[in-house]
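See below for the structure under consideration.
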Amino acid sequence: MRVERIKRKRCDLPSEKIADISLLDSIIEKYNGKRGIMIPVLQETQAAYGYIPREAFEILSEKLGLKLNDMYGVATFYAQFRLAPVGKHIIKVCHGTACHVQNAGTITDALTEALKIEDGETTGDRLFTLESVACLGCCSLAPVMMISNETYGKLTGKEAVKVIKEIKLKESEFSI
Amino acid sequence: MGTTKVIVGLGSCGIAAGAGKVYEKIRAVKEAENLDFKLSKTSCVGMCYREPLVEIIDDSGQYLYGEINEEKIVDIMNTHIVNNNPLKEYLVYTDLYDTPDKKFFESQVKIALRNCGMIDPENIKEYESRGGYSALKNIVSEDISSQEIIREVLNSGLRGRGGGGFLTGMKWKFTSNNQSSEKYVVCNADEGDPGAFMDRSLLEGDPHSVLEGMIIAAIAVGASEGVIYCRAEYPLALKRLDIAIRDARENGYLGTDILGKQGFNFDINIKEGAGAFVCGEETALIASVEGERGMPRRRPPFPAQSGLWKKPTNINNVETYANIPWIMQNGADEYSKHGTEKSKGTKVFALAGKIRHGGLVEVPMGVSIKDIVYKLGGGIPHDRSFKAVQLGGPSGGCIPAYLSDTLVDYESVNATGAIMGSGGLVVMDESTCMVDIARFFLDFTRKESCGKCTFCRIGTKRMLEILVRITEGEGEDGDIGKLEELAYQIKDSSLCGLGQTAPNPVLTTIKYFRAEYEAHIEQKKCPSKVCKKLITYEVNDHTCTGCTVCARNCPVNAISGERKKVHFIDQDICIRCGICYNKCKFDAIMLS
């Protein structure tokens with residue numbers, strides 16, 4: 001039921017101010033006065049900030065004449081939209097039919113164990129967000145996960161954890 | 001040597017398997033050694049189980065190499081390209097002699113997939129060189145009327161490949177008959193069925209065939225605007241569609257006065273989906289394009305009367321459109337030669353699950369399930385026994401192995417309780433628990449239910465609760481009856497296809513695998529040893545050699561033991577993932 005999405009997201013809706021409001025200008029200019037713009041506007045906002053900040057809702061509503069409740073309704077209906085900031089790397093573990101019969105559950109289990117977060121959550125250092133997705137369409141490579149548009153196929157739990165560790169290592173080298 | 005071509009398969013699954021790196025390697029070696037050949041890329045030929053694939057075409061013939069990595073490709077380039085000696089070791093297919101994989105291609109008839117894996121999808125000239133856009137050119141130059149086009153499509157017997165199976169020509173006729181100055185042609189590329197990737201491969205491999213199909217549909221129904229609604233989860237398909245639309249505009253196939261025909265204006269825009277399975281339903285898709293929550297609307301009025309922006313709209317699926325140019329070019333009779341009396345032509349299937357040769361296949365309608373699984377799919381790996389196929393995703397059902405002589409056409413598949421669906425075919429073996437599969441699908445449809453109809457919204461949740469109980473060993477007498485009762489109520493009282501078909505996975509598994517449900521409920525046992533609450537993993541004291549493989553592979557460190565001594569699994573930590581069971585070479589992990 002899509003109602004569940006609202007409950008989960010409402011409680012952790014952050015009220016922090018967004019850093020750069022000007023990112024919205026080009027979106028407003030591009031879509032102002034057109035019809036059927038709701039979803040692309042939200043998609044581009046999310047592309048700019050990684051999620052849809054509360055403040056962005058308010059600005060877009062005012063400038064584009066979209067009703068806030070319609071915007072919130074759409075944003076919570078579709079799985080793609082996020083109302084809270086996410087980690088730098090989004091780990092999408094495929095739970096399609098093919099992956100399910102090839103034990104995708106163990107991938108998620110191993111990752112929740114390694115990252116110490118539940119499905120749908122973000123790590124404390126905001127490096128990773130763990131998500132389950134319906135199908136990535138790479139069924140013959142099942143089980144599959146996707147991290148930042150890179151797909152990893154024919155995984156085991158151990159291998160999935162190894163990938164995460166490698167990314168973590170790279171990130172720490174990066175910051176030094 | 002100058003005519004040698006090296007083609008790398010760069011579809012999503014190829015790239016996931018490492019084809020991108022192979023492509024770069026070839027380019028680097030080519031430059032470093034100054035080799036003379038043409039390097040190009042294509043998309044998926046359907047042989048996903050052998051990815052990454054590299055094809056070399058030279059004067060002597062065509063050679064397809066499989067499971068290539070950066071080392072193997074250097075070998076191949078040395079022996080095949082430099083020394084002109086094909087490397088048989090890595091060869092999976094050639095037109096010169098038999099290879100074990102030849103069977104995979106033999107029983108296929110490629111119409112929708114005619115160009116997939118044959119052309120560079122980002123190059124419109126390659127599409128044109130294989131007859132692309134000639135159907136459209138012919139329609140324009142011969143001034144073929146919309147009535148004639150519709151008659152041809154009707155005669156071909158083509159039915160909607162998205163799952164509904166409605167006659168495409170009929171749909172076109174309805175939209176065409178409705179008078180309006182504004183009409184739309186929509187392509188449904190919101191391939192949401194988990195386990196299906198036909199449309200992704202088509203869009204990635206041959207986007208122009210879909211565009212040409214839509215343009216022809218626009219002439220037939222009198223539309224001037226087109227929309228492709230594509231999943232955002234398919235970034236490569238979106239990118240290639242974008243390129244294809246741009247090139248089609250530049251070459252005069254889209255825009256105003258198309259191909260010089262005065263007053264024939266048509267353009268296509270892409271709308272990215274935002275992740276909602278229900279948007280595959282045509283009225284929900286329309287709501288989504290209009291910027292609303294993707295909730296289905298009541299029919300009638302059908303989209304052909306009042307669709308997008310309340311104007312007559314023709315909606316077809318990706319594969320349906322891809323068939324159109326071929327039909328217009330080769331004629332309806334040629335198309336209807338394939339298939340059965342009521343299901344004409346071919347159908348693309350995405351083979352996945354417990355099968356040796358997973359991939360994309362296109363077969364004439366009326367082939368048996370057995371042939372698809374064994375002849376094309378190569379059977380079940382690890383010598384396990386074939387249990388069932390799941391057809392049609394969350395709206396479909398499981399067809400048991402003993403019905404594998406069932407012919408794949410709309411009527412025969414429907415008779416089993418499954419549906420043809422969009423063509424996802426997931427194979428299951430003895431290690432798949434059918435109650436767990438039913439639970440999996442119900443979990444999916446429950447999450448994806450838009451919430452509009454009460455029975456779909458709450459009924460699927462109640463069914464899921466019962467199924468979860470059963471898989472956790474808490475099943476009660478009468479649960480099966482309750483599931484069936486709820487199933488029929490949901491089917492009868494839901495507005496759209498999602499709710500009307502959501503109970504199918506449960507109904508078909510009860511119908512064909514009732515004993516498994518009973519084993520879970522009465523004996524609290526999972527015969528396939530899948531349901532985690534009903535199984536435990538233990539080490540067999542007699543066969544354990546203390547090799548430490550299980551302990552090293554355990555993701556939660558639940559296994560302890562010294563080298564060369566019997567190991568022990570801590571049941572409190574064990575998450576029952578089964579990795580130790582699969583990794584043990586001495587069969588020392590017991591499942592009970």
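Descriptive notes on the structure:
- Residue within region B:131-150 that is part of a loop (DSSP other than H, G, I, E, B) and of a type in the set (Lys, Arg) present: no
- Residues (over 16 Å from A:Val101 (Cβ atoms), within 7 Å of chain B (Cβ to nearest Cβ) and in a loop (DSSP other than H, G, I, E, B)) located in region A:138-156: A:Asn149
- Top-ranked residue in region B:258-284 [being within 14 Å of chain A (Cβ to nearest Cβ), crowded, with 19+ Cβ neighbours inside 10 Å and part of a strand (DSSP E or B); ranked as nearest to the chain's Cα centre (by Cα)]: B:Glu272
- Output for region B:37-59, where each listed residue is touching a residue at least 40 places away in the same chain (Cβ under 8 Å), of a type outside the set (A, V, I, L, M) and more than 14 Å from chain A (Cβ to nearest Cβ): B:Phe37, B:Ser40, B:Lys41, B:Thr42, B:Glu55, B:Asp58, B:Asp59
- Scanning region B:435-453 for residues that are among the small types (Gly, Ala, Ser) and more than 8 Å from chain A (Cβ to nearest Cβ) turns up just one, B:Ala438.
- Where a residue in region A:138-156 is on the phi < 0 side of the Ramachandran plot and touching a residue at least 40 places away in the same chain (Cβ under 8 Å) and its partner, wherever it lies, is assigned to a strand (DSSP E or B) and among the aromatic types (Phe, Trp, Tyr), with Cβ under 8 Å and at least six apart: A:Val144/A:Tyr152; A:Met145/A:Tyr152; A:Met146/A:Tyr152
- Selection count where residues are more than 14 Å from chain B (Cβ to nearest Cβ) and either modelled with pLDDT under 85 or within 16 Å of the chain's Cα centre (by Cα) (or both), scope region A:22-50: 3
- Options B:Pro303, B:Pro325: the member that is touching a helix residue (DSSP H, G or I) at 6+ places or on another chain (Cβ under 7 Å), under 26 Å from B:Cys453 (Cα atoms), modelled with pLDDT of 95 or more and away from chain A (no Cβ under 12 Å): B:Pro303
- Checklist (1) within 14 Å of chain A (Cβ to nearest Cβ); (2) surrounded by fewer than 23 Cβ atoms within 10 Å (Cβ to Cβ) applied to B:Pro394, failing item: (2)
- Against the test of being within 14 Å of chain A (Cβ to nearest Cβ), of a type outside the set (Lys, Arg), out of contact with any Pro (no Cβ under 6 Å at 6 or more places or on another chain) and farther than 13 Å from B:Ser395 by Cα, the options B:Glu465, B:Glu474, B:Glu484 yield a single qualifying residue, B:Glu465.
- Test: residue in region A:97-114 that is under 25 Å from A:Ile39 (Cβ atoms), at the interface with another protein chain (Cβ under 10 Å from one of its Cβ atoms) and buried (at least 18 other Cβ atoms within 10 Å of the Cβ): no
- Being within 14 Å of chain A (Cβ to nearest Cβ) and at negative phi is a property that B:Val210 lacks.
- Tabulated pairs, region B:246-263, first farther than 15 Å from B:Gly132 by Cα, second part of a helix (DSSP H, G or I), C-beta under 6 angstrom, 6+ apart or interchain: B:Gly255/B:Arg249; B:Lys261/B:Val140
- Helices (runs of 4 or more DSSP H) enclosed by region B:469-570 - at least 2 residues per element that are touching a Cys at 6+ places or on another chain (Cβ under 6 Å): B:504-522
- Any hit, region B:188-198, residues being more than 14 Å from chain A (Cβ to nearest Cβ), in contact (Cβ under 8 Å) with a residue 40 or more places away in the chain and crowded, with 24+ Cβ neighbours inside 10 Å: yes
- Residues in region A:157-176 that are free of Cβ contacts under 8 Å to residues at least 40 places away in the same chain, over 19 Å from A:Thr123 (Cβ atoms) and part of a helix (DSSP H, G or I): A:Glu159 alone.
- Of all residues in region B:24-48, exactly one satisfies the criterion of being surrounded by fewer than 23 Cβ atoms within 10 Å (Cβ to Cβ) and of a type in the set (Ser, Thr, Tyr), namely B:Ser40.
To keep it simple, each residue is scored yes or no on (1) under 23 Å from B:Cys279 (Cβ atoms); (2) free of Cβ contacts under 8 Å to residues at least 12 places away in the same chain; (3) away from every other protein chain (no Cβ under 13 Å); (4) surrounded by 23 or more Cβ atoms within 10 Å (Cβ to Cβ).
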| site | (1), (2), (3), (4) |
| --- | --- |
| B:Gly417 | no, no, yes, no |
| B:Gly424 | yes, no, no, yes |
| B:Cys433 | no, no, no, yes |
| B:Phe455 | yes, no, no, no |
| B:Gly459 | yes, no, no, yes |
| B:Arg469 | no, yes, yes, no |
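- Residue within region B:354-362 that is among the charged types (D, E, K, R) and within 14 Å of chain A (Cβ to nearest Cβ) present: yes
- Search result, residues across region B:340-398 that are assigned to a loop (DSSP other than H, G, I, E, B) and without any contact (Cβ under 8 Å) to a residue 24 or more places away in the chain: B:Glu341
- Across region A:82-101, the qualifying residues are those that are in contact with a Pro (Cβ under 6 Å, 6 or more places away or on another chain) and either under 24 Å from B:Ile573 (Cβ atoms) or part of a helix (DSSP H, G or I) (or both), and the one among them that is modelled with the lowest pLDDT is A:Thr97.
The values are calculated or read from the model by the stated rules, or taken from the named source; none is laboratory data. Being a predicted model, the structure only gives us computed values, none of them experimental. Positions of Cβ are generated from backbone atoms using ideal geometry, with glycine treated the same way; all protein chains shown enter the neighbour counts.
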